[in-house]
Amino acid sequence: MTALVGLVGSLAILGGFTLDASGSGEVTLAMVPDSARAVFCQVSVLERFMPGVAGITDRPDGSFRYLTARDIPFSGEMRTEFLLRCTIDAGGGVNYQTPDSTAANWMRFRFTFTPAGDGRTDVRMSLRVRLVRESGTEIHLLAPLLGEEFLSERMEGDITDMLATFAARLEDAAPAQLAGGGTGAR
């Protein structure tokens, strides 16, 4: 085991370690696009329905501290904090994104809204997460051996599963539950 730790340690000093993954999903909600947009402008919808969210805290500057928690095999719980800001783009999409594109914990969560007829809206969502560390061992002892590509692919699968669960929870919620309070785009 000492030899393995030494090997992992020597691999870790070769340079930075980056995980980068994305996924997308869609859900149809029983509300018009403007109402759906208003729901997703409330950061509380992420805290209440998105799996893996351990908490979201408003910050004085209008941004959010977005904390996730994930059980990592043979390692325990990994908590990751993202700084996010909510904006509405020219096309009416709602975006939660880390303002600093070089941040070690970077995320972009985007929602777009298309009328689906009969007072319904198709909500398309895309999520991209990038984690940058000096050493892969900051993520997991075996990360340098498993490699960035392998772990990014696993993370992409996790994101896809999370978005499917998020969509199912949104679909099952009553419109009044979706409209529950919270702050968002300013």
For segment 108-186, the Cα gyration tensor yields equivalent-ellipsoid semi-axes (√(5λ), largest first, whole Å) of 34, 14, 12
Sorting Tyr66, Gly76, Cys86 by the position of each Cα along the dipole of the chain (Lys, Arg +1; Asp, Glu -1; all at Cβ), the one nearest the positive end of that ordering is Cys86
D (µm²/s, integer) via Stokes-Einstein for segment 58-124, Kirkwood Rh across alpha-carbon pairs, 37 °C, 0.692 mPa s: value 232 µm²/s
Expected unfolding gain across Ala54-Met78 under the 0.36 nm per residue rule, minus the alpha-carbon gap, is 7.5 nm
Length gained if Ala176 through Glu26 is fully extended, taking 0.36 nm per residue and subtracting the Cα-Cα distance, is 52.0 nm
The simple spin-label model distance between Phe150 and Thr165, using points 7 Å out along Cα→Cβ, in nm, is 2.4 nm
With +1 on the Cβ of every Lys and Arg and -1 on the Cβ of every Asp and Glu, the dipole magnitude of segment 10-114 about its Cα centre, in debye rounded to the nearest 20, is 40 debye
For the pair Thr87 and Asp158, the simple spin-label estimate (label points 7 Å beyond Cα toward Cβ) gives in nm 2.8 nm
Most packed first (mean Cβ within 10 Å per residue), the peptides 147-160, 49-62, 123-136 order as 123-136, 147-160, 49-62
The relative contact order of the chain, taking Cα pairs under 8 Å that sit 6 or more residues apart, comes to a percentage of 35 percent
Which of [x] 55, 50, 28; [y] 64, 32, 26; [z] 62, 59, 27 gives Cα extents along the principal axes in Å as computed here? It is [y]
If the chain between Asp118 and Leu141 were fully extended at 0.36 nm per residue, the gain over the current Cα-Cα distance would be 3.1 nm
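Computed from the coordinates by the stated procedures, all read-outs in this text should not be read as laboratory data. Since the model is a prediction, treat every value here as computed from it, not as a measurement. Here the Cβ is made from the backbone with ideal geometry for all residues, glycine too, and neighbour counts use every protein chain on show.
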